[in-house]
Every structure is written in C-alpha cells, then in structure tokens.
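Here the structure comes first, spelled out in structure tokens, and everything after it is commentary.
Bear in mind that the values in this text are calculations on the coordinates, not laboratory data. Remember, it's a predicted structure, so these values are computed and weren't measured experimentally. Positions of Cβ are generated from backbone atoms using ideal geometry, with glycine treated the same way; all protein chains shown enter the neighbour counts.
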Amino acid sequence: MLTGAIDGGGTKILTGVVADDGTVVARREELVVSRAIPDYFARCAAMLKACVAEAGTTLEALRGVGMSVPGMTDGRQVFGSPSAGWGAFSALEQLQPLLGLPAERIRFENDINACALAELRLGGGGDDFVWLTVSTGNGGAVVANGLLVRGHRFCAGELGHLKVEFDHPYRCGCGAMGCLEAHASGPAIARMAHEAGLSVDAAGCAALVREGNVTARRIYDRAGLYLGRALAQVANALNIEKAYLGGGVSRSIDLLMPALRTEFDRLVLPQCRDVTIERTRLGCDASLLGAASLFGNA
C-alpha cells in the first residue's frame, strides 16, 4: 500500500508517495518561497497532489498522509519553530482542508523525530541512539529501548540547544547563548569562515579543507569539537549505543570526525564511551521516510 509523505523543511519542501518497503515511487522537491503558514501548507499540498498523480493513485487510496515539520508538535498542533519563524498553530487545520481527507488519516511529527523513526525501521537501527542533524540548524531526536522519546511537552531531543560554549558564546535563534546550533550548524560554519576572511558557505569551507586550506581546517575542527562536546553530554546522560548524523553538513563527516571524536572521548564517562558515531545511510530522504512511517508502512 502507498502512503503520502511531506518533509516540510525550513529551506526546502520534499513530498513523495512511499511504498511499504520504503521505496519512494514519486517525489517533488522545491525551495521554500514563502514561510507564511497558509502559503507554505498550500505549496506542500500542491506538491503532494502532483506526486499522487504521478504515482497513478488518489489521495483517498493512500494509507494516509504523514508530514514532518521543523518544529515541536503533538501530532496535530505545532508549538513553535525557531528555524521557520513560526509560533503556535494547528497544522491539521492548515493541511486537512487542502487535502480533503479525514483528520485521522493525517499525522504530523517533528522533522528530526521523523528521521529517527526512519532510522529505527529502515536504516542502521539500534534500540538506544540519538539522531543529530547538522544542517541549517542542529535538530535532534532520542530513541530509548526501541521507542522514540517525545517528552512531557513533546520537546525531547532538542540537542541543538545543548550549551557547548561559555567563554565566547554566540546568540542562537532560540534567544539563548552558546547553543550547539549557534556554533556547529551550517550557518555557524559559514559565519566562522566569514570571520576568518573566507567568503564561502559550509560546503565551500569543506572544499577548502580538502584543498589543504589551514584556516578552513581549523573551522571544521572547531565545529567538530562542539559536536563532540554535545554528544558526550548526551552519552553521559543516556548511555546511547549509536549516534547518527544527518543533514547537508554531515556529508563532510570525515572532516568533522577527528576533532569530534577527540572531544567526545575526552569528556565522556569511560563506561559510556562505546558509541558508534556515523552518518545516516538514509541520506536526504530520512525525514520523508519518517513521515511515511507515521502510518506504520515501514
């Protein structure tokens, strides 16, 4: 059976129709043109309808439609999204009229929680792990004893807001100082590059590292250090088995890993040090597959 899936990101939207084995049979990807909530959801619905038509089916014939959102959610309401600039609103009330499906056939999940669900069912697996994205932001998710941890108010796993810098902290989009997201996200790497006189983004900085640029190497070492610092805190608190990294910057995980692992090993308890840290095998489809898995098709 087929399931509709929407990966609602802060910079791009990905929609697809997904088979039970995780095969994406039709897909669309577009950059976010407007973050105004009605416009954003109208674009999501239009893209999904195009995928449904391409797959030769109908919305009514789908198992359901799952959507990952760049914010905290209880499955219907979004409680806010710093990266998208959203406050609280009903995601269900936005999407349901556009799709014309019963409420019970539309579900929502935080985008990184969705990545963790996909990893649990289609990726590297494990019963105790965290999923950390290194992209426009640093989102996170926690799986314990094979179950996604959502928390008392659906805010568990906000690893991007662990404090990793106290001496020279930058302000995060959440308003606090010294968050991981302010020091090891794609924009943070780009900021460090510009401060060092390099007119490149995170990907451009990675390219310079591979060319032997010493300044760019220091920047990636710094970002890796902050990631290792955050993951050590997580490992000490949760005794995880694995940590999966996703997002665009994770394509350069080989550049981040030396400093990341050194700082992780320096700070983690010896009893919690046996952690596999690797890039997700699901690539850019992780959140989309997780959205589809909200209906148990994985």
>> Can you sort GLU93, GLU109 from fewest to most other Cβ atoms within 10 Å of each residue's own Cβ?
In response: GLU93, GLU109
>> Just to confirm my numbers, what's the Cα centroid distance between the stretch 193-265 and the stretch 140-178 in Å?
In response: 17
> Dipole of the chain (Lys/Arg Cβ +1, Asp/Glu Cβ -1, origin at the Cα centre): which of VAL268, GLY139, ALA36 lies farthest to the positive side?
Replying inline: ALA36
> Helices from the chain with mean Kyte-Doolittle at least 1.0 and a Cα length along the axis of 30 Å or more, per DSSP H: which?
Replying inline: none
> Of ASN213, ALA243, ALA53, which is farthest on the positive side of the dipole of the chain, counting Cα position, with +1 on Lys and Arg Cβ, -1 on Asp and Glu Cβ, and the Cα centre as origin?
Replying inline: ASN213
>> Would any residue of the stretch 200-240 have its amide N under 18 Å from a label point 7 Å out along Cα→Cβ of ASP265? List them or say none.
In response: 221-222, 224-233, 235-236
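Pull out a ≥ b ≥ c, the square roots of the eigenvalues of the alpha-carbon gyration tensor of the stretch 193-298, then state rounded if a/c is under 1.5, prolate if not and a/b is larger than b/c, and oblate in the remaining case. Can you show the working numbers first?
Values: a/c = 2.79, a/b = 1.25, b/c = 2.23.
Oblate.
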>> Below 8 Å, C-alpha to C-alpha, sequence gap of six or more: please give me the relative contact order for the chain in percent.
In response: 20
>> Could you compute Rg(Cα) / (2.2 N^0.38 Å) for the stretch 125-280, with N its residue count?
In response: 1.00
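Which order do VAL130, VAL24 fall in if you start with the one that has the fewest other Cβ atoms within 10 Å?
Values: VAL130 27, VAL24 18.
If I rank by nearby Cβ atoms, fewest first, I get VAL24, VAL130.
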> Could you give the dipole magnitude of the stretch 125-280 about its Cα centre, charging the beta-carbon of Lys and Arg +1 and that of Asp and Glu -1, in debye to the nearest 20?
Replying inline: 180
>> Run lengths n ≥ 4 of DSSP H only: what is the helix-derived mean residue ellipticity at 222 nm for the chain, with -39500 (n - 2.57) per run over all residues, to the nearest 500?
In response: -11500 deg cm²/dmol
> Roughly how many debye, to the nearest 20, is the charge dipole of the stretch 52-188 about its Cα centre, given +1 on each Lys and Arg Cβ, -1 on each Asp and Glu Cβ, and no other charges?
Replying inline: 200
> How much length is gained on full extension from HIS194 to GLN77, taking 0.36 nm per residue of separation minus their Cα-Cα distance?
Replying inline: 38.3 nm
>> I need LYS12, LYS49 ordered by Cβ neighbour count within 10 Å, fewest first.
In response: LYS12, LYS49
> Mind checking which aspartates and glutamates have their C-alpha under 18 Å from LYS242, skipping anything on the same chain fewer than 8 residues away?
Replying inline: GLU119, ASP127, ASP128, GLU158, ASP254, GLU263, ASP265, ASP274, GLU278
>> List the residues, sorted by chain then number, that are 5 or more residues from GLY9 or on another chain and whose placed amide H is less than 5 Å from its amide H.
In response: LEU14
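If the only charges are +1 at each Lys and Arg Cβ and -1 at each Asp and Glu Cβ, what is the size of the charge dipole of the chain around the Cα centre, to the nearest 20 debye?
Numbers: 28 positive and 31 negative charges, 64 e Å.
In debye, rounded to 20, the chain gives about 300.
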